[in-house]
Amino acid sequence: MSTRPTAPRRALRFAGLFLSRYWTVLALLAAWETWTRVQHLNQIVVPTPYAVFAYVLGDFGDYAPGLGHTLFHAATGLVLGMALGLCCAVAVWFSSLLSGLLTPLLLIMRSVPVIVMIPVIARVVGFGAPAVATVTTLVSFFPAFVLVASGLRTAPAAMNNVFTVFGASRSVRLRRLLLPHTVPMLLVALRLTAPSTVLAALLAEFLLGQDGLGSLFADAVTFMAPERAWGAALVATVVSVAGFMAARGVERRYTPRFR
């Protein structure tokens, strides 16, 4: 006799798991819906969650092109930023001179909010896709640089001694010991920056871009279409959360291989 759970039981189990994890989000949406209806607020001021979800589900094709551009900008910045952070961390590890030159400069850049740098970025690389890609690259660069640099400095002392005894060169030590040791750190940086690059792309598109969800949001605000504007924010939030969960899945799968 089969002991596999039936479809209704699986559905109930999934629903219970979903409610146990995300009941606060559902409670917030219910409170938002109740507040807007009790206060009789104009939909132009604050649309109800039902109106926003209905608009997105009923006209998702309106968001699909912008979502594609935003995902492309976010993915491009994520890849470039993490690659640049990895290269700079390795360069700092190799050379104390580069460490003295790059580290203070990067700390200063990190201390300046990205939104303040956007006008400067626009003057240097122009408007549109290059500016958006530059913003997302800057957002994803610093976590990768800091975490990889920390991993390069904290390799196991016993393994370091083994490489020293066998007379390994710095390049061999880096390739065979330090880079594999820093992979978990790089995956942590991926988890931290994957959602923020989507939101950074949205912000840059809103201020500088000519396409994407941010540009769609700006047009909706200009033409007084609150459901469309909140829908763009909703789509960006869902994609950001999905990016975080995907990055966390990658981290959980591959981190044990390098422990």
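The values are calculated or read from the model by the stated rules, or taken from the named source; none is laboratory data. All values reported here derive from a predicted model rather than from experimental measurement. Cβ coordinates were reconstructed from backbone atoms using ideal geometry, including for glycine residues, and neighbour counts include every protein chain displayed. For the accessible areas, the whole protein counts, side chains as well, though only heavy atoms, and no ligand, DNA or RNA atoms are used. Shrake-Rupley method; radii C 1.70, N 1.55, O 1.52, S 1.80 Å.
Numbers below:
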{"read-out": "Subset of segment 127-161 (residues that are at pLDDT below 80 and touching a helix residue (DSSP H, G or I) at 6+ places or on another chain (Cβ under 9 Å))", "value": "A155, P156, M159, N160"}
{"read-out": "Sole exception among (1) under 20 Å from the mean Cα position of the chain (by Cα); (2) open to solvent by 60 Å² or more (accessible area, probe 1.4 Å) for T34, by number", "value": "(1)"}
{"read-out": "V124 being among the β-branched types (V, I, T), over 23 Å from the mean Cα position of the chain (by Cα) and either open to solvent by 60 Å² or more (accessible area, probe 1.4 Å) or at pLDDT below 85 (or both)", "value": "yes"}
{"read-out": "Selection count, segment 90-107, where residues are loosely packed, with under 13 Cβ neighbours inside 10 Å and within 22 Å of the chain's Cα centre (by Cα)", "value": "1"}
{"read-out": "Some residue of segment 165-186 being under 16 Å from the mean Cα position of the chain (by Cα) and either among the acidic types (D, E) or within 29 Å of V114 (Cα to Cα) (or both)", "value": "yes"}
{"read-out": "L28 within 24 Å of the chain's Cα centre (by Cα), surrounded by 11 or more Cβ atoms within 10 Å (Cβ to Cβ) and touching a residue at least 60 places away in the same chain (Cβ under 8 Å)", "value": "no"}
{"read-out": "Any hit, segment 188-202, residues being out of contact with any Ser or Thr (no Cβ under 8 Å at 6 or more places or on another chain), closer than 27 Å to G231 by Cα and not aliphatic (A, V, I, L, M)", "value": "yes"}
{"read-out": "Segments classed as helices (runs of 4 or more DSSP H), wholly inside segment 1-114, with at least 2 members that are closer than 30 Å to T182 by Cα", "value": "64-94, 96-111"}
{"read-out": "Any hit, segment 146-154, residues being within 25 Å of the chain's Cα centre (by Cα) and under 27 Å from L208 (Cβ atoms)", "value": "yes"}
{"read-out": "Condition met for L41 (in contact with a Ser or Thr (Cβ under 7 Å, 6 or more places away or on another chain) and open to solvent by 40 Å² or more (accessible area, probe 1.4 Å))", "value": "no"}
